Structure formats: C-alpha cells, structure tokens
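Following: one structure in structure tokens, then a few remarks.
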Amino acid sequence: MYRIGLVDVDKTHFPNLALMKIAAFHRSQGDTVEWANPLFGKYDRVYMSKVFTFTPDVFDYYDCEVVKGGTGYDIASKLPPEIDRLQPDYSLYGISDRAFGFLTRGCPNNCKWCVVPRKEGRPSPYMTIDEIATRPDGSIIKKAVLMDNNILATDYGIQQVERIRDLGIRVDFNQGIDARRITPEIAELLADCKWIDYIRLACDTSAQLPYIRTAVDLLNRYGYTRDVFVYALIKDFDESVARIQELRSMKTVAPFAQPYRDFTDPRQIIPQWQRDLARYVNVKSIYKSVALEDYSPRKGFTFKKYLNEQ
C-alpha cells in the first residue's frame, strides 16, 4: 500500500477532474490518498496538476517521485487510459450532488487564442452521459457539469444532449455552446433540457453577434425563459467595447468578460483597460445600472477617458 499526495496547483473554485480520477485509481488499489502537505507529509508519490499556463507554479519539495501533469505543464499530457476512464472520486472535494466530465473532446474551430484544437484535435466521442452520471450503485446523479468545448459539433454530441433531456438530468455545459450551430431543432432540444443555472454561449468576436441574437430568439421561442450567459473575450479595445455594448442591448443576455490570455506566454501582463472592462461587465450591479462611459473603476477616473484616448 502506497501513500499518495495530491496538489491542485491552480486552486480555483472548480474541482480538478484529473486529480479526482487519480484519487479513484489509487484508492481502488488500496493506497491512501490525501492533499499533499510538504511540511508533515511523507509520500511514495505526489501528483501535481496545473490546468492553466498562467498559474504560478508550486515549488514545495517532496522527497519522493513527483508527477506533474496538465496543460499548464505540458500541452500533450494525458492520463493513462486505465485512469482516464474511471469515475472520479468526488469525495476529494466533498462533492455529492453532481457529476463532472466530458462527453466529447476537441473542437472544429481553430480560434488562435484557444489551446483545445492543438491539444485535442477535432471533435470525437469520449464518454456517454450514462457513464458519467451513473453511481456505483446504479442510480443516476441528477446534475451534470460537462466541459465539452463544442458539444453540438458532432451528431454524437447532439445524441448525448438528447439522452440528457430524456434522463431529466440538470446540466451545465460550462465551456459554452457554439451559437452558430443552434438551429430551430437544436433550440427546441436545448429548451427542453433542464439547466443547473442557464445556457451558456460564447461571443468572442463581433462576427458572432448575429448568431447570438438568432440563438437567443430561437431559445425564447421554444420556451427557454432564463437569461443566456455569454462568454465574451476581451482583446482589442474598439472591437471589444463595441461588442460588449451590443450584448448589453440584448435584455436577456448576461455577458461574462474574460481578458485575453496568451497561453504561450505565462508572463503576460493584462492591460488595465481589459481588467476595468471585465470588472464592469462581471459585476452585475454596476453593469445593469451604469453606462460604460460613466463607470468609475478608480476615484477620479471614468471609462470615458479610455474612450476619448482612442
């Protein structure tokens, strides 16, 4: 029996799927698994997982084999198949009411700011919702957080969405759905699904705005009544501001602004205007009540100064 230590380098609010599967594998072998403690722990092996390239590394010393994985360390890193196909050990994060996973891997789009096509290639089937949401006792977990990057890009993905609807699982496709693929038939399917919070779309360029409008209109037509959450990449000033203003005019759209991250440059410095625009959009009490030009991120400074400088 071995003693295994785990390190979640990113330490976000979101559970690390790879570490949960590693925990499940080692516990199935009779090993003990715990969060690694560099001061008091003595381990046979430590796994360190880092998802994001911009996350600062951890330099704690462990007197044992240390296995580093995740896109933040190596874009090509993958779990061994005997670990990758396991049900995660949700007890690692104290999760009991929902399942996490991927139905498909990959994306057909080649967005230059996205690591997925380079890491995973074109979309392909990965797991079924039954595999992800079925407990060891055979019961179905009625909530699922799915991290597919383009679930509508394949017939297989659409079939899995239909299965989610039929099982009555509340779902969250937390990486966003491609609005360009929402036809009337797809809108009806999505509207028939149960959602943990809301449907998420992505609008990273102005060219996607007409598709967002059409998708929202179709979803509303088929009975979806919640706001639509829209990821919005913030990169070029004029284009980003105009896109945010257009999204703001859509009353049932709730955008979430994300400053551009260059995954090839971990030392990248995010411009202050991007930070200010993201805060304006993401703090809904400000976004819903204050015009962008009047937004004051700091005392004596309003966003109008950025606009006047362009």
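Values in this text are rule-based calculations from the coordinates and carry no lab data. Quick caveat, the model's predicted, so the values are computed rather than measured. Methodologically, a virtual Cβ is constructed for each residue, glycine included, from the backbone with ideal geometry; neighbour enumeration extends over all protein chains shown.
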Just want to confirm a number: the relative contact order over segment 1-94, from Cα pairs under 8 angstrom separated by 6+ residues, in percent.
36 percent
For peptides 29-38, 236-245, sequence by mean Cβ density within 10 Å, most packed first:
236-245, 29-38
Relative contact order of segment 93-159, please, whole-number percent, based on alpha carbon pairs below 8 angstrom and at least 6 residues apart.
43 percent
Compute the whole-percent fraction of alpha carbon pairs in segment 182-310 spaced more than 23 Å apart.
38 percent
Viscosity 1.002 mPa s, temperature 20 °C: what is the translational diffusion coefficient of the chain from Stokes-Einstein with a Kirkwood Rh over Cα pairs, rounded to a whole number of µm²/s?
100 µm²/s
When all alpha-carbon pairs of segment 1-94 are counted, what percent fall beyond 17 Å?
48 percent
Under 8 Å for C-alpha pairs, at least 6 residues apart: give me the relative contact order for the chain, rounded to a whole percent.
11 percent
Going by how many other Cβ atoms sit within 10 Å of their own, how do VAL161, VAL171, VAL145 line up, fewest first?
VAL145, VAL161, VAL171
Approximate spin-label separation ASP97-THR264, in nm, with each point projected 7 Å along Cα-to-Cβ
4.4 nm
Order by neighbour count: THR252, THR12, THR225, fewest other Cβ atoms within 10 Å first, most last.
THR225, THR12, THR252
Charged-residue dipole, Cβ positions (Lys, Arg, Asp, Glu), segment 19-119 about Cα centre, Debye nearest 20
580 debye
Looking at the chain as a GNM with Cα springs under 10 Å, which of ASP63, ASP148, ASP89 has the largest mean-square fluctuation?
ASP63
